[in-house]
Amino acid sequence: MNGERTGNVEFLVVDEAAQLKECESVAALQLQGLRHAVLLGDEFQLPALVHNDECKKAKFGRSLFERLVVLGHSKLLLNVQYRMHPSISCFPNKEFYGGRIKDAANVQESNYQKRFLEGEMFGSFSFINVGRGKEEFGDGHSLKNMIEVAVVSEIISNLFKASSERKIKMTVGVITPYKGQVRAIQERIRYKYSSFSDDLFTLNVRSVDGFQGGEEDVIIISTVRSNGNGKVGFLTNRQRANVALTRARHCLWVIGNERTLSQSGSIWAKLIRDSKRRKCFYDAKDDKRLRVAMNDALLKVDKSDVCTRLSTLWTKKQGRR
């Protein structure tokens, strides 16, 4: 600290303590004169990032916060949430927090329920089934789903149009667990909305990890996975699901393949059952604009598949000569 001496620190507050490696918290606890420490965090959301598999197995990414919870130390739950419309908070509250989180008065007021787009599909919460999607590997060996990209792009376009025509200030976030999908969406929109970031319309497209601690008026989640055997990879991670499902203020729209997610036995299968029970389940093809966008995307995907197969056959034929 530039050679300057600092006085004793008697009271320490560690924010996002559940996302710190244990060694990082312990270092702060060595401060001279420390008498009291408060750890603030949520062990049900993202932990510290550890890349090495052996370190993960050794629990190197475990936080001091989580260790104390496991050991049975008492903790105080801040049980009032001020961000999400009750239709959005309902599922994560029940699934991750045992229904102990209360909705603050501000989110229960009638004007907190906002309709940015027409149609029941675009209410406060909905699951939008894109059953015709196809998962594939993009650049960097990360998955993408171009049919979902088309649906997300169309929704963003409609939101931007509504914001411009009605002069409504709006912040929109797109969350997806795969970097390949993040890149595909960014390439599709070509940063066409970035020039409006200081005006009415703001758009952020990021991975789940990139949205930790963030919030937007509208959140669109693209789950990407689309196959016949229910394989969903690290979508099964409950902490990532919790982060993704709790970023929206007024509208949360989850886009995915009903069949794949329902067969996964994961948190997303529960979400689909819950959305059907609450009559918040919709099919993308029932919206004309989304149907057209999906059909155009399917033609491009099919054309690309044909070209790939022809190229493979040509390469094999050349190899036999």
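The values are calculated or read from the model by the stated rules, or taken from the named source; none is laboratory data. Owing to the predicted nature of the structure, the values given are computational and were not obtained by experimental measurement. With ideal geometry, Cβ positions are generated from the backbone for all residues, glycine too; neighbour counts draw on all protein chains shown. In case anyone asks, the SASA skips ligands and DNA or RNA and just uses the protein heavy atoms, side chains included. Shrake-Rupley method; radii C 1.70, N 1.55, O 1.52, S 1.80 Å.
Tabulated data
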| item | result |
| --- | --- |
| Total residues in region 218-250, condition of a type outside the set (A, V, I, L, M, F, W, C) and open to solvent by 20 Å² or more (accessible area, probe 1.4 Å) | 12 |
| Conditions (1) part of a loop (DSSP other than H, G, I, E, B); (2) touching a strand residue (DSSP E or B) at 6+ places or on another chain (Cβ under 7 Å); number of the one not met by Phe65 | (1) |
| Where Ser63 falls short, out of the listed (1) in contact (Cβ under 8 Å) with a residue 40 or more places away in the chain; (2) open to solvent by less than 40 Å² (accessible area, probe 1.4 Å); (3) over 21 Å from Ala244 (Cβ atoms) | (3) |
| Residues of region 8-60 that turn out to be assigned to a strand (DSSP E or B) and among the small types (Gly, Ala, Ser), as a count | 1 |
| Residue match in region 119-134 (condition: farther than 18 Å from Lys300 by Cβ, touching a residue at least 60 places away in the same chain (Cβ under 8 Å), touching a Lys or Arg at 6+ places or on another chain (Cβ under 6 Å) and buried (at least 16 other Cβ atoms within 10 Å of the Cβ)) | no |
| Options Lys270, Lys285, Lys300: the member that is part of a helix (DSSP H, G or I), under 18 Å from the mean Cα position of the chain (by Cα) and either among the charged types (D, E, K, R) or closer than 18 Å to Ala244 by Cα (or both) | Lys270 |
| Filtered residues of region 26-60 (kept if over 30 Å from Lys94 (Cα atoms), among the polar types (S, T, N, Q) and either at pLDDT 85 or above or surrounded by 11 or more Cβ atoms within 10 Å (Cβ to Cβ) (or both)) | Gln30, Gln32 |
| The lone exception for Phe91 - which of (1) touching a Leu at 6+ places or on another chain (Cβ under 9 Å); (2) surrounded by 11 or more Cβ atoms within 10 Å (Cβ to Cβ); (3) over 27 Å from Val232 (Cβ atoms); (4) not basic (Lys, Arg) it fails | (3) |
| Evaluation of Ser164 against (1) at pLDDT 95 or above; (2) farther than 23 Å from Asn295 by Cβ; (3) surrounded by fewer than 21 Cβ atoms within 10 Å (Cβ to Cβ) (one fails), failing number | (1) |
| Segments classed as strands (runs of 3 or more DSSP E), wholly inside region 122-180, with at least 2 members that are under 20 Å from Tyr282 (Cβ atoms) | 125-129, 170-176 |
| Members of region 231-252 found to be among the polar types (S, T, N, Q) and assigned to a helix (DSSP H, G or I), listed by number | Thr236, Gln239, Asn242 |
